[in-house]
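Novice: This is the structure I have questions about; it appears just below.
Just so it is clear, none of the values below were taken in a lab; they were calculated from the coordinates. Nothing here was measured: the structure is a model prediction, and the numbers come from that model. Methodologically, a virtual Cβ is constructed for each residue, glycine included, from the backbone with ideal geometry; neighbour enumeration extends over all protein chains shown.
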Amino acid sequence: MFNLTVITVVVTMVFCTTTKPIAQIEGSDPEIQDSVIVDRDHNKYPIKVFSDNSLWMTANLNLKIPDSYCHENIEENCERYGRLYTWASAQEGCNLLGDGWRLATKDEWERLAKLYGGPYIRDSVESGKTAYKALLTSGNSPFNALLGGGRAPDGKYRRLDAHGFYWTATEIDSSTAWFYNFGKGSQTLYQQDNGEKTDAFSVRCLKKN
């Protein structure tokens, strides 16, 4: 269960496997901020190169695979917020976008956050607030984070429009991993180390240039 510790022109390039295309990028070049990647379900995701030279999706993953869910099992929530993924399915979903795409690590998330002030630092009242505001859909960055809530291992859905939980690829041990938490109540971005891998959270995928 959750444990909240803190209080087009279009030139098309196709990523291929040995069998068939998994995803494709639409746009004049993958490094242009208005490029789009399309998954095998035909979902389209804007992509953007940030100043650390990382190529991020700027919409939540919505690829339907096992161990992924719509909040409250309502399809419209998937359309608005993307799907919620367990830690293992989050990595699988990013990999299915094609060569080089993967779930971002804790350090990569931290570098992104530091471009906009950084995540919360313990005992620093104002830390994490600038990044929270900048990275949300209403913020001054193109990242467009959403407050999509999450799903606990018991199947209960929680905190829609109150928290945006995002997996990182960095694990703590066999059962837990790091995640990022956009907390609406405190208007703060947290970096947390107590995510149970069977929780289901939102996902953003990354590709290094």
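Novice: Report Rg/Rh for the stretch 61-208, rounded to two decimals, where Rg is the Cα radius of gyration and Rh the Kirkwood radius.
Specialist: 0.94
Novice: Please report the net charge: other residues with Cβ closer than 11 Å to the Cβ of Gly183, K and R +1, D and E -1.
Specialist: Net charge around Gly183: +3.
Novice: Separate question: Modelling each spin label as a point 7 Å along the Cα-to-Cβ direction, I'd like the Thr137/Lys208 distance in nm, to one decimal.
Specialist: Taking the two extended label points, one gets 3.2 nm.
Novice: Separate question: For Thr198 and Asn95, what is the calculated FRET efficiency with R₀ set at 25 Å and r taken between the beta-carbons, to the nearest 0.05?
Specialist: Efficiency for this residue pair is about 0.80.
Novice: Please pull out the direction-averaged projected area of the stretch 126-209, using the convex hull of its alpha-carbon atoms, in nm² to one decimal place.
Specialist: Over every viewing direction, the Cα hull of the stretch 126-209 projects on average to 6.2 nm².
Novice: Residue separation times 0.36 nm, minus the C-alpha to C-alpha distance between Glu126 and Glu72: what's the value?
Specialist: Answer, rounded to one decimal: 16.1 nm.
Novice: Order the peptides 141-153, 170-182 from the highest to the lowest mean number of other Cβ atoms within 10 Å of their residues.
Specialist: In decreasing order of mean packing, 141-153, 170-182 become 141-153, 170-182.
Novice: Continuing with the same structure: For the stretch 77-209, what does the relative contact order come out to in percent, with C-alpha contacts under 8 Å and a separation of six or more?
Specialist: 30
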